[in-house]
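Working notes, structure below.
The values are calculated or read from the model by the stated rules, or taken from the named source; none is laboratory data. For clarity, every value in this text was computed on a predicted model and none was experimentally measured. Neighbour counts are summed over all protein chains in view; Cβ atoms, including those assigned to glycine, are modelled from backbone coordinates with ideal geometry.
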């Protein structure tokens, strides 16, 4: 019995190690090529930016204007309908986010969490994470951010699209952030996709 | 938007034809069209078209009803709102407070200003529960000109 179990266990362990450690392997390799990225991809809204936006949540779709205001690194974001009625507004800073107003359709904490985290990722200046950037052999930028709540995130660029690497391979790309642009440093089209929440935000700068 | 300390201005065109046909078309800052005809809503948003029944969306239905009523002149005859009337030397003001809680969550009250000289709607202000509001101003009005039926479809 033990002779039979032994190779099976080794095989299982190998498979487990291979799949569970693959994302970490990628970052580990890049540590050898560490350097600071001078213009990492993020949304620089200046004082204010207005996007035309559509948001899909759990099969419901909303479209309108998405406004982001920067008040000394305290970001305020609001989304209102084409007819002018506001869906929600929130403020985002380094410590987290606060919902100021929200209609019932958006008022689900996991959805708001995912949305606020996605916005914070897109808005925060990744240069403050100097030393956490890596460039791999295909010139993909990989960086990790550590939120105050202890979450560690890893992102990479693939064909000009920013994607989040999650800790486990099978949920890799569960969260997808695409920032693609006509100008080198200022994304004008943004897609934030969270498959688990059935949340999709598409934004186009006006 | 009070919290963001931002005022957003949109411009466009508005067509209305008795009894219930309207087209609401934004041209600035982007193209966005809402057509309501025979109880069906059609929306064109950046080339993406969608269609649904007005009755399926209570808030949309009531906003639509009140805008249509303001055009037709029977805004006061509405069981879905508590109605108050005011006047100054230039305007009649009709203040409507929704009676249904689901609408009240989104629209605190609507104010409709009618010019005394013409008795026509001049502006509509939709006040939200959070101090934000949407103000619709009607300008460059053309009345009783024929409107092709194609205007009320996408």
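Can you find a residue in segment B:88-102 that is in contact (Cβ under 8 Å) with a residue 60 or more places away in the chain, under 24 Å from residue A:105 (Cβ atoms), in contact with a strand residue (DSSP E or B) (Cβ under 6 Å, 6 or more places away or on another chain) and crowded, with 18+ Cβ neighbours inside 10 Å?
Within segment B:88-102, not a single residue is in contact (Cβ under 8 Å) with a residue 60 or more places away in the chain, under 24 Å from residue A:105 (Cβ atoms), in contact with a strand residue (DSSP E or B) (Cβ under 6 Å, 6 or more places away or on another chain) and crowded, with 18+ Cβ neighbours inside 10 Å.
Any idea which residue in segment B:29-42 is nearest to residue A:66 (Cα to Cα), counting only those that are more than 8 Å from chain A (Cβ to nearest Cβ) and surrounded by 17 or more Cβ atoms within 10 Å (Cβ to Cβ)?
Ranking the candidates gives B:33 first.
Can you find even one residue in segment B:46-55 that is closer than 27 Å to residue A:52 by Cα, within 11 Å of another protein chain (Cβ to nearest Cβ), part of a loop (DSSP other than H, G, I, E, B) and more than 12 Å from the chain's Cα centre (by Cα)?
So far as segment B:46-55 goes, yes, one or more of its residues are closer than 27 Å to residue A:52 by Cα, within 11 Å of another protein chain (Cβ to nearest Cβ), part of a loop (DSSP other than H, G, I, E, B) and more than 12 Å from the chain's Cα centre (by Cα).
In this structure, does residue B:83 turn out to be under 15 Å from residue B:124 (Cβ atoms) and modelled with pLDDT of 80 or more?
Against the criterion (under 15 Å from residue B:124 (Cβ atoms) and modelled with pLDDT of 80 or more), residue B:83 qualifies.
Just checking, does segment B:65-79 include any residue being within 14 Å of chain A (Cβ to nearest Cβ), out of contact with any strand residue (DSSP E or B) (no Cβ under 8 Å at 6 or more places or on another chain), modelled with pLDDT under 85 and surrounded by 15 or more Cβ atoms within 10 Å (Cβ to Cβ)?
Checked against the condition, which is being within 14 Å of chain A (Cβ to nearest Cβ), out of contact with any strand residue (DSSP E or B) (no Cβ under 8 Å at 6 or more places or on another chain), modelled with pLDDT under 85 and surrounded by 15 or more Cβ atoms within 10 Å (Cβ to Cβ), segment B:65-79 yields at least one hit.
Quick one: residue B:10 ticks every box in (1) closer than 20 Å to residue B:111 by Cβ; (2) touching a residue at least 24 places away in the same chain (Cβ under 8 Å); (3) at the interface with chain A (Cβ under 10 Å from one of its Cβ atoms) bar one, so which box is it?
Condition (2) is where residue B:10 drops out.
For segment A:81-102, which positions are in a strand (DSSP E or B) and within 7 Å of chain B (Cβ to nearest Cβ)?
Result: A:86, A:89, A:100, A:101.
The conditions are (1) within 12 Å of another protein chain (Cβ to nearest Cβ); (2) in a strand (DSSP E or B); (3) more than 24 Å from residue A:89 (Cα to Cα), and residue B:26 fails exactly one of them. Which is it?
Of the numbered conditions (1) within 12 Å of another protein chain (Cβ to nearest Cβ); (2) in a strand (DSSP E or B); (3) more than 24 Å from residue A:89 (Cα to Cα), the odd one out for residue B:26 is (3).
Among the residues of segment B:122-142, which ones are out of contact with any strand residue (DSSP E or B) (no Cβ under 6 Å at 6 or more places or on another chain) and either assigned to a strand (DSSP E or B) or free of Cβ contacts under 8 Å to residues at least 12 places away in the same chain (or both)?
Those that are out of contact with any strand residue (DSSP E or B) (no Cβ under 6 Å at 6 or more places or on another chain) and either assigned to a strand (DSSP E or B) or free of Cβ contacts under 8 Å to residues at least 12 places away in the same chain (or both): B:139, B:140, B:142.
Can you name the condition, by its number, that residue B:90 falls short on among (1) farther than 23 Å from residue A:86 by Cβ; (2) within 15 Å of the chain's Cα centre (by Cα)?
The failed condition is (2).
Tell me, please, whether a residue that is more than 23 Å from residue B:23 (Cα to Cα) and either more than 15 Å from the chain's Cα centre (by Cα) or more than 14 Å from every other protein chain (Cβ to nearest Cβ) (or both) can be found in segment B:131-142. Explain how you work it out, then say what you get.
Start the filter on segment B:131-142 by keeping residues that are more than 23 Å from residue B:23 (Cα to Cα), which leaves B:131-132.
Next, only the ones that are either more than 15 Å from the chain's Cα centre (by Cα) or more than 14 Å from every other protein chain (Cβ to nearest Cβ) (or both) stay: B:131-132.
Yes: segment B:131-142 contains one or more residues that are more than 23 Å from residue B:23 (Cα to Cα) and either more than 15 Å from the chain's Cα centre (by Cα) or more than 14 Å from every other protein chain (Cβ to nearest Cβ) (or both).
For the subset of segment B:114-130 comprising residues that are surrounded by fewer than 20 Cβ atoms within 10 Å (Cβ to Cβ) and within 22 Å of residue B:1 (Cβ to Cβ), which member is farthest from the other protein chains (Cβ to nearest Cβ)?
Top of the filtered list is B:123.
Filter segment B:143-154 down to the residues that are farther than 14 Å from residue B:16 by Cβ and touching a strand residue (DSSP E or B) at 6+ places or on another chain (Cβ under 7 Å), then identify the one that is surrounded by the fewest Cβ atoms within 10 Å (Cβ to Cβ).
So the residue we want is B:153.
Looking at segment A:23-30, is at least one residue out of contact with any helix residue (DSSP H, G or I) (no Cβ under 9 Å at 6 or more places or on another chain) and either surrounded by 18 or more Cβ atoms within 10 Å (Cβ to Cβ) or modelled with pLDDT of 50 or more (or both)?
yes
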